[in-house]
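Presented below is the structure to which this report refers.
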Ligand code: 1PR
């Protein structure tokens, strides 16, 4: 690519910007990284993806002299695109661990979403936005949904109205984008917003190729319910990484050879799900609990290849914990997560290690800050950390038989039991632990989880529908988003889970792998049932 197609990226090293790099390269641009304030002043086009928290970001900008260069660049009305925190930093200040002073270019204070009005925080997922004025990069966005992930937001006011180019609704109205001349910033993630997001980036990167036109007017939508495709990945007996799928977590065929069930190649299948309209794709490295994932390079390669062509969020789980390898080299869970992020993950998912951390926390009532969950959440933000729960139903005749939270089940157990508690397991469901899914969910929320992936071993692979009792128990217990998982057998199961519970997303594996129900038909069914969904 010629120098003309180069874009300057201000990556101050606080987290994962691989997704954005992938998207820029996919669109044919070369990337120059900012090393010094001069690089900002010499940029032809500058993209500023904010990651991490407000205060440390401002700190780095100030210490490296970048804040001043950034303000000068913007004051000169040169082509600029801020993303997420890259929008928030333009404001006067933020309440995030603050008040903390921002760059002060736009009047207003960035505040936290209010979870007291029933909105789950972080705000994670897809909304349509309302374009307020001709804004060039958003001109063909119309009522298509874009992907947000944040806990803080700026709100429109008389003082900043000359800047506000679009707004969105989550509890209250907040600023989805700003624009003045050549300076743009968006609260959503264009690099994770599928084709529509790529088109926003393209309009910024190639302004001349797009004729100015009258914006397609859309209106802000409710947060869409997400449909997530999940790929359980492991090596088969020949050593090839395959997408597998269990019945109640047993992934071996019921044949004489007892081989690992093989449902396809991870990169191919994930790419297909992106094209089919999955709102997110998750990879679970299901033998991560016993095989160290950094030794498992193919898994990192899967992630690298998949992320080059998938422009919706990618979550990766399996094996996130502290580890000492055969040579005595110690790896912290933070290093494992960092490697996943570097390879293209937008979020990581922690299973077993979160159970141990929650047990410890409930026992001591002390947050040590040392668990993988706490450390990763502190460095990358809680929106980047999912806790995956693998509970198994334990029926009870009398709810007083256990001290853990139980529920009255909608279908009685095999011996007519009317109650059950949900026991957490570790190591791929192999070991039951003395903690319930309810207790775990509340504890991990306090320890810094941003989202819960709620499986159910009893329902996994059965195609009989999600465990509504369990999903209600957990989604009512926490104020972070809950992803319902395990048991989807038809499009109706998705509308059922959204009608009967407050789940923010529903995940399925088997029906998608076996091509029984296409993702698109799940979306169309949900739309027919009046559920807000993103259609790609
Ligand atoms: O404990 O941090 O190493 O993480 C291991 C991760 O791997 C956990 O997230 C755990 O859920 C997952 N895992 C471990 N063993 C298995 C297994 O199946 N043997 N898979 C496993 C979990 C459940 C879902 C599945 C849904 C939907 N699989 O991922 O995709 O149940 O399936 P369905 O739609 O076909 O019913 P750690």
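Read-outs throughout are calculated quantities, based only on the coordinates presented, and are distinct from any laboratory measurement. Owing to the predicted nature of the structure, the values given are computational and were not obtained by experimental measurement. Positions of Cβ are generated from backbone atoms using ideal geometry, with glycine treated the same way; all protein chains shown enter the neighbour counts.
Overview of results
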| read-out | value |
| --- | --- |
| Translational diffusion coefficient (Stokes-Einstein; Kirkwood radius from C-alpha pairs) of the stretch 460-536 at 10 °C, 1.306 mPa s, in µm²/s | 126 µm²/s |
| Separation of the residue 62 and residue 101 label points, Cα + 7 Å toward Cβ, nm | 0.6 nm |
| Calculated FRET value between residue 236 and residue 157, using beta carbons and R₀ = 56 Å, to 0.05 | 0.45 |
| Helical mean residue ellipticity (222 nm; -39500 (n - 2.57) per DSSP H run of 4+; nearest 500) of the chain | -8000 deg cm²/dmol |
| P(r) histogram, all alpha-carbon pairs of the stretch 3-209 included - 10 Å bins from 0, percent | 9, 39, 40, 12, 1 |
| Three principal axis lengths of the stretch 226-528 [C-alpha, angstrom, descending] | 49, 47, 42 |
| Within the stretch 337-379: backbone nitrogen closer than 16 Å to the residue 431 label point (7 Å, Cα to C-beta) | 351-360 |
| Extension reserve of the residue 275-residue 30 stretch, reckoned as 0.36 nm per residue once the Cα distance is removed | 85.7 nm |
| Extension gain from residue 173 to residue 41, taking 0.36 nm per residue of separation minus the Cα-Cα distance | 44.1 nm |
| Calculated FRET value between residue 400 and residue 219, using beta carbons and R₀ = 56 Å, to 0.05 | 0.65 |
| Extension reserve of the residue 514-residue 529 stretch, reckoned as 0.36 nm per residue once the Cα distance is removed | 2.9 nm |
| Considering only the chain, percent of DSSP beta bridges that pair antiparallel, nearest 5 | 45 percent |
| Against the rule of thumb 2.2 N^0.38 Å, how large the Cα Rg of the chain comes out | 0.96 |
| Nearest-0.05 FRET efficiency for residue 367 and residue 309, computed from C-beta distance (R0 30 Å) | 0.15 |
| Residues of the stretch 139-170 with amide N under 17 Å of the 7 Å Cα→Cβ point at residue 109 | 152-160 |
| Approximate spin-label separation residue 292-residue 500, in nm, with each point projected 7 Å along Cα-to-Cβ | 4.5 nm |
